[in-house]
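J.: Below are the structure tokens for one structure; questions will follow.
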Amino acid sequence: MPVYHTISESTCGVSQNKWQNCLLKGDCIAILKKLPAHSIDVVFADPPYNLQLKGRLCRPNHSFVDAVNNDWDYFESFAAYDAFTRAWLLACRRVLKPNGTFWVIGSYHNIFRIGAIMQDLGFWFLNDIIWRKTNPMPNFRGRRFQNAHETLIWASLDQKCKRYTFNYEALKAANEDLQMRSDWLFPICTGVERMKDANGRKIHPTQKPEALLVRIMLASTKPGDVILDPFFGSGTTGAVARKLGRHFVGIEREDAYIKAAAKRIAEVRPLGKIELEVLANKRTEARVAFVSLIEAGLIKPGMVLYDRKKQHTAIVRADGTLICKDKAGSIHMVGRKIQQTESCNGWTYWHYEENGELKLIDNLRIRIRTELEKIGM
């Protein structure tokens, strides 16, 4: 694993992937222009919320609330914020791969403005996600509903993008075999996970919980993918990426955040290969027809196929169909007719014989599918 360090704008290298697993210091728009086009699998952006706070917030007991009052969250007007948003979105579009996806999180102050600009730029919304907080900050003045959630937008580059990563089966299995919903329940970042300085003060006011980034990466990335965070802050994206076997690119301009994030990431222990394997999503696998096995020479016309116990046999025909006595059709149909059942997966029913051993024809399909994936089909 490369050593975590900062790189100034003027020395931001783009060759031999030297920019991967690095904290790049400077303005995100300027640095993004130096990264290779179509080099990022997923973007996760947590931009300034433009809270428009007018003075400090107080609790009923007159104590001050440790809210976001940093200079980086101030903009002269909505127009200025919109111009900034459009610029960094365009910069992110340039570096995102054609089949990559884009995540952005925000509050009611900014997420709708960002969403409208994204649609103007051609992004295609896949989902909006509600992060419901188990322990939100109360509304101290009692003049509004308690603000207990933030909104995430998940999008592809355009409507034509169909081959983006979505680990549906893995998410469903982890959710007790139920589809993962678009409302996620996580606590805000507290306790030992909350980064603090020597005086016990928060290092970053909007540090996101690792559980949120874990869900995002497990849903929309694969081990080895590259995740860009243009507003790196406390480094949650980098810490989770390293733990989950992904690469990251972090851009941040504040020295205090960079120093804390670098230390945090360096202390992360990556998970092993077994822990990182993703449950296969059948819907995204390359489609392979049985006739493709014949075309590839793995199965030949006239070859005999068997069921697991060799009780039934079928002969392969040149057009990719099977014939068993008076029954003819696809590998699925013939298997179904033989068993007199309503359904049959021919790939896991039929076997071929090799060196006296029966082997599933599905093994041959996997071989072809692997070759297709190597060439990006």
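The values are calculated or read from the model by the stated rules, or taken from the named source; none is laboratory data. If you're wondering where the values come from, they're calculated on a predicted model, not measured in any experiment. Using ideal geometry, Cβ is built from the backbone for each residue, glycine included, and neighbour counts are taken over all protein chains shown. Quick note on the areas: whole protein, heavy atoms, side chains included, nothing else; ligands and nucleic acids left out. Shrake-Rupley method; radii C 1.70, N 1.55, O 1.52, S 1.80 Å.
J.: Checking the a/c ratio against 1.5 first, then a/b against b/c, what shape does the Cα gyration tensor give for the stretch 75-118?
T.: The shape class here is oblate.
J.: Per DSSP H run of at least 4 residues, take -39500 (n - 2.57); add these up for the chain, divide by its residues and hand me the 222 nm value, nearest 500 deg cm²/dmol.
T.: -8000 deg cm²/dmol
J.: Under 29 Å from the Cα of K300, which lysines turn up, not counting those fewer than eight places away in the same chain?
T.: K282, K309, K310, K325, K327, K337, K359, K374
J.: Can you give the accessible area per residue of the chain, in Å², using a 1.4 Å probe?
T.: Ligands and nucleic acids excluded, the result is 55 Å² per residue.
J.: A further question on this structure: Which GluC sites (Glu not before Pro) from the stretch 164-252 combine a DSSP loop assignment with at most 15 other Cβ atoms within 10 Å?
T.: Filter output for the stretch 164-252: E176.
J.: Taking amide H positions as placed 1.01 Å from N in the peptide plane, with prolines and chain starts having none, which residues 5 or more places from K196, or on another chain, fall under 5 Å of its amide H?
T.: The list, which skips near neighbours in sequence, is I203.
J.: How large is Rg over Rh for the stretch 293-356, taking Rg from the Cα atoms and Rh as the Kirkwood inverse mean of 1/r across Cα pairs?
T.: Across the stretch 293-356, the Cα-based Rg/Rh ratio is 0.94.
J.: What are the ³J(HN,Hα) values, in whole Hz, obtained from phi via the Karplus relation 6.51 cos²θ - 1.76 cosθ + 1.60 with θ = phi - 60°, for each residue of the stretch 108-115 in sequence order, with x given for Gly and Pro?
T.: 5, 5, 9, 5, 6, 5, 4, x
J.: Same structure again: Under a point spin-label approximation (7 Å from Cα along Cα-to-Cβ), what is the K160-A30 distance to one decimal in nm?
T.: Going from the K160 label point to the A30 one covers 3.5 nm.
J.: Let me ask something else about it. With Kirkwood's inverse mean 1/r over C-alpha pairs for Rh, give me the Rg to Rh ratio of the chain, two decimals please.
T.: Ratio of gyration radius to Kirkwood radius: 1.10.
J.: Report relative contact order for the stretch 116-177 in percent, whole number only (criteria: Cα-Cα under 8 Å, sequence separation at least 6).
T.: Here the relative contact order equals 35 percent.
J.: How high is the relative contact order of the stretch 267-351, in percent, counting Cα pairs under 8 Å that sit 6 or more residues apart?
T.: 18
J.: Run the numbers for N175 and R308: contour at 0.36 nm per residue of separation, minus the present Cα-Cα distance, in nm.
T.: 44.5 nm
J.: Any idea which of T237, A91, S77 is furthest toward the positive side of the dipole for the chain, if Lys and Arg beta-carbons carry +1 and Asp and Glu beta-carbons -1?
T.: Farthest along the dipole direction, towards plus: T237.
J.: Something else about it: Which FRET efficiency value, to the nearest 0.05, do you get for Q146 and R113 by plugging their Cβ-Cβ distance into 1/(1 + (r/R0)^6) with R0 = 22 Å?
T.: For Q146 and R113, the calculated efficiency is 0.45.
J.: I'd like to know which of I227, A211, S292 lies farthest towards the positive end of the charge dipole of the stretch 163-312, counting +1 on Cβ of Lys and Arg and -1 on Cβ of Asp and Glu.
T.: Selected residue: S292.
J.: Same structure again: Checking the a/c ratio against 1.5 first, then a/b against b/c, what shape does the Cα gyration tensor give for the stretch 72-210?
T.: Verdict is oblate for the stretch 72-210.
J.: Ranked highest first by the average count of other Cβ atoms within 10 Å around their residues, in what order do 142-148, 300-306, 41-47 fall?
T.: Descending mean neighbour count gives 41-47, 300-306, 142-148.
J.: Something else now. Give me D for the stretch 169-243 in µm² s⁻¹, whole number, from Stokes-Einstein with Rh from the Kirkwood sum over alpha-carbon pairs, 4 °C and 1.567 mPa s.
T.: In µm²/s, the coefficient rounds to 92.
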